[in-house]
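Note sheet for the following structure.
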Amino acid sequence: MKKIKRFSLVVIAALCAVCLSACGLSGKLPVDMPQASGQGETQTQSENLVVHYLDVGQGDSEFIELPNGETMLIDAGETDKGETVVNDISALGCNKITYLVATHPHSDHIGGMPAVLDAFDVANAYLPNASSSSDIYAEFLDKLDAEGCNVYEAKNDVSVIQTESLSAYFVAPCGTDYKNLNNYSAVLKLVYGETSFLFTGDAQSQS
């Protein structure tokens, strides 16, 4: 099993309020997506937020253990890295993913998702209003449908988690007509106390 790069934060300071301007998306979505609202507010709080940067070669994948006891996976690398992602998450004693984020349909970000969906119970999935004609993207959508999880659109000003000390929300994409698929990347900001992370996918300045 490949080594997991682990970055652990313990933060006790209070969260400052954040306000964002919404930018809407239109058009048919690849999966029916209801409007997302704040979730995870009834979980037991702890002091640790742990971000694991999984080694998936050229692709991206981050697994996050949230201080409320929930978990989040952002991307899963190429198809041949799916087993690596599954093994790394399993080694942490996890058998359920509360929030799954597929930043955009390129294979180096969603290729391993079918393996993840086969291995774990997934409660909620977030993906942008962007599509691909690739076989792996079609398989990913089929697996999402079979999983039966809640599927939400990832776009600017959509909240994933909102509690007194912990929040996660999307700051991009804001547009609907990008020429480069990378600019549809779901950009997630995670804030815990006075510390924040920005997970950008392959977003460029235009997004």
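Taken together, the values in this text are just the output of simple stated rules run on the coordinates, not laboratory data. Computed from a prediction, not measured in an experiment: that's the story for all the values here. Cβ placement follows ideal geometry from the backbone for every residue including glycine, while neighbour counts extend to all protein chains displayed.
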Members of the range 46-70 that are part of a strand (DSSP E or B), out of contact with any helix residue (DSSP H, G or I) (no Cβ under 8 Å at 6 or more places or on another chain) and not aromatic (Phe, Trp, Tyr) = ASN48, LEU49, VAL50, VAL51, GLU62, ILE64, GLU65
Restricting the range 57-82 to residues that are in contact with an Asp or Glu (Cβ under 7 Å, 6 or more places away or on another chain) and among the β-branched types (Val, Ile, Thr), which is surrounded by the most Cβ atoms within 10 Å (Cβ to Cβ)?
-> ILE74
Please indicate, with yes or no, whether at least one residue in the range 84-94 is small (Gly, Ala, Ser), assigned to a loop (DSSP other than H, G, I, E, B) and buried (at least 21 other Cβ atoms within 10 Å of the Cβ).
-> no
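When the range 170-184 is examined, which residues are found to be of a type in the set (Phe, Trp, Tyr) and either surrounded by 22 or more Cβ atoms within 10 Å (Cβ to Cβ) or under 11 Å from GLY201 (Cα atoms) (or both)? First the steps, then the outcome.
At the first step, the residues of the range 170-184 found to be of a type in the set (Phe, Trp, Tyr) are 170, 178, 184.
If the condition is that a residue be of a type in the set (Phe, Trp, Tyr) and either surrounded by 22 or more Cβ atoms within 10 Å (Cβ to Cβ) or under 11 Å from GLY201 (Cα atoms) (or both), then PHE170, TYR184 are the ones that fit.
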Only listed residue being over 14 Å from the mean Cα position of the chain (by Cα) and either under 28 Å from ASP177 (Cα atoms) or part of a loop (DSSP other than H, G, I, E, B) (or both), chosen from ASP118, ASP108 | ASP108
